[in-house]
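Derivation of every value follows stated rules applied to the coordinates shown; laboratory data play no part. Not measured: the values here are computed from a predicted model. In this analysis, Cβ positions are derived from the backbone assuming ideal geometry, glycine residues included, and neighbour counts consider all displayed protein chains.
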Amino acid sequence: MFSAMIDQDGIICLADGYKTEDLKRLRKRHAFYCPVCRCELDLKIGPVKLPHFAHKPGEACPVPHEPESPYHLKGKRLLYEWLGRRGFRPVLEPYLQEIRQRPDLLLEHETRQVAVEFQCANLDAAAYRKRTEGFLKFGIEPLWILGGNRIRCLTGNFFQLSRFHWQFIQKSEKSPKLLFFCPEQKAFIILEHLIPFQTNKTSASLRFLPLAEASWRDLTARESCSPLQLKDWKRNIFSFRTSTVRFLSKEAKQIAALFYEKYQLPLPFFPAEVFLPVPSGYIFAHPVYVWQGYLFLFMTKHDTFRLQSAVHYMDWLIKGKRLKLRWSGRKTAAEAVCEYICFLHKKGFLERKEEFYYSAGSAVPEPRLDALLKRDEHYFSE
Ligand SMILES: [Zn+2]
């Protein structure tokens, strides 16, 4: 940590531009204490990490904080300096006694207080919830910035997002995004348009934003700034169709069995209509072709249907645990169904008469690769 009490009467913040010589002098003349547990701290000045305070070995502080890796220390300090340059008056590691929490940074924005947490280490769901709720209860808005070291890039705009990542998504957001900061590259990295393809493979648009150019609004804007890219999505479906699928979840096996039973189609020959990149689809904790596969079977089973019946059908699958949601978000699931039907309507697969939808032509999928690729082209071209 960078902040400590100095001789019982005041706070010293190492991020405020002390030179190494000054710090060595201070260390000789003063004692430093943890503002939380009042234990004496060591002032560490070394070649690898930025100067920082640390508890003496064996002393457990009641406020948990993540291990002070050089990466975390550097990022925290850069964010602190950046906020100062953007006209804020951030406080580093303030101890909020009422909730017994110590965010990395606290600042005031308009009339609200915002706690910035720079999260590089793992954080389990319970700890995340506890910290977030603590802030909210106290009227403080949390802003979680993940360490750039937590980004797992796959090929072509696909990322490996785990439970760790998904927990940071604002549940009420229409277009969810993930915010990262990399102190090595001195830049924010924002992932937008999160569209899961498989459980561990999510398509996203990456925005690289150097610290020098970034504004507070860039971090907190609700709308997406980058366009949705379809080229890599299409390429990914092509490789899905032309290579063997190694691992299938239970739900994927179930939908594969249903398609095989009805159309004698194996998974790589699933129709383009079950791979649609819709914004709210992330709510389903399944590969895209699982939840859309059920909708496809529903549509092709009925000559005409109402949007509301499709929503009810999906609700029924969720209640029966055939489909799982990432978190309780039935409204978002209903939105995903609407977006899906609208997409198909726009692309001419469905027609609509008053409140009824029906297939525009033959809805039977074709078991030929060339026909499939042509259809992919129709759906996934910009
Ligand atoms: Zn302490």
Item checked: Members of region 14-28 that are surrounded by 14 or more Cβ atoms within 10 Å (Cβ to Cβ) and either within 16 Å of the ligand (Cβ to nearest atom) or in a loop (DSSP other than H, G, I, E, B) (or both) -> Leu14, Ala15, Tyr18
Check: Of all residues in region 29-68, which are assigned to a strand (DSSP E or B) and either more than 8 Å from the ligand (Cβ to nearest atom) or loosely packed, with under 14 Cβ neighbours inside 10 Å (or both)?
Finding: Phe32, Tyr33, Glu40, Asp42, Leu43, Lys44, His52, Phe53, Ala54
Note to self: Against the condition acidic (Asp, Glu), within 16 Å of the ligand (Cβ to nearest atom) and either farther than 30 Å from Asp218 by Cα or touching a residue at least 60 places away in the same chain (Cβ under 8 Å) (or both), how does Glu81 come out, does it pass?
What the structure shows: no
Notebook entry, point to check: Is it the case that region 70-84 has a residue that's in a loop (DSSP other than H, G, I, E, B), surrounded by fewer than 19 Cβ atoms within 10 Å (Cβ to Cβ) and not β-branched (Val, Ile, Thr)?
Noted result: no
Check: For region 85-155, which fully contained strands (runs of 3 or more DSSP E) count at least 2 residues that are farther than 22 Å from Lys171 by Cβ?
Finding: 105-109
Next item on the list: Kindly list, by first and then second residue, each pair from a residue in region 13-35 that is without any contact (Cβ under 8 Å) to a residue 60 or more places away in the chain to a residue that is within 16 Å of the ligand (Cβ to nearest atom) and among the polar types (S, T, N, Q), limited to pairs with Cβ atoms under 8 Å and residues at least 6 apart or on different chains.
Entry: Leu14/Ser3; Tyr33/Gln8
